Amino acid sequence: MDFSETTWPGAILTVGVLFLVLVFVMFLLNSFLETRKAKIGAEQAEGLRQLVRRYEQLAENTLDVQQRTAADLADLRTRTASVEHILRTVE
């Protein structure tokens with residue numbers, strides 16, 4: 001390619017084509033980055049949903065344990081009161 005014979009219209013055309021190629025490459029890169037951001041955001045949202053599900057399950061299990069413990073404690077109080085009553089009647 002002999003640059004001494006390049007004309008202004010040809011140079012402008014070349015610069016224009018290079019500019020369009022650059023814009024297209026930047027558009028592709030931007031699209032790729034936006035898609036990647038969306039995927040990462042979706043993964044984070046799914047992780048948070050799983051964390052919330054685990055928390056809810058843990059809270060439910062804890063409530064069940066607390067209710068069983070309260071029932072056991074009430075039963076122990078009743079038994080203790082019965083034993084105390086028996087001991088008072090024996091004296």
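As a test question: what accessible area, to the nearest 10 Å², does residue 82 have when a 1.4 Å probe is rolled over all protein chains in place?
Around 60 Å² of this residue is reachable by solvent.
Mark the label point 7 Å from the Cα of residue 51 along Cα→Cβ and return the residues of segment 27-45 whose backbone N is within less than 18 Å of it.
Backbone N within reach: 39-45.
Expected output is a single nm value to one decimal: the length gained when fully extending between residue 30 and residue 13, i.e. 0.36 nm times separation in residues minus the C-alpha distance. What is it?
3.6 nm
Sort out for me the Cα centre separation of segment 10-52 from segment 58-91, rounded to whole Å.
Value for the Cα centre distance between the two parts: 64 Å.
So if R0 is 41 Å, what FRET efficiency would residue 66 and residue 43 give, r being the distance between their Cβ atoms, rounded to the nearest 0.05?
Rounded to the nearest 0.05, the efficiency is 0.75.
Please pull out the direction-averaged projected area of the chain, using the convex hull of its alpha-carbon atoms, in nm² to one decimal place.
10.2 nm²
As an exercise, take the mean of 1/r over every pair of distinct alpha carbons in segment 23-71, invert it, and state the Kirkwood radius in angstroms.
13.9 Å
What are the radius of gyration and Dmax of segment 46-91, computed over its Cα atoms and given in Å?
Cα-based Rg and Dmax for segment 46-91 come out at 19.8, 67 Å.
The values are calculated or read from the model by the stated rules, or taken from the named source; none is laboratory data. Remember, it's a predicted structure, so these values are computed and weren't measured experimentally. Glycine gets a Cβ as well: all are built from the backbone with ideal geometry, and neighbour counts include every protein chain shown. Just the protein is used for accessible areas: all its heavy atoms, side chains included, with ligands, DNA and RNA removed. Shrake-Rupley method; radii C 1.70, N 1.55, O 1.52, S 1.80 Å.
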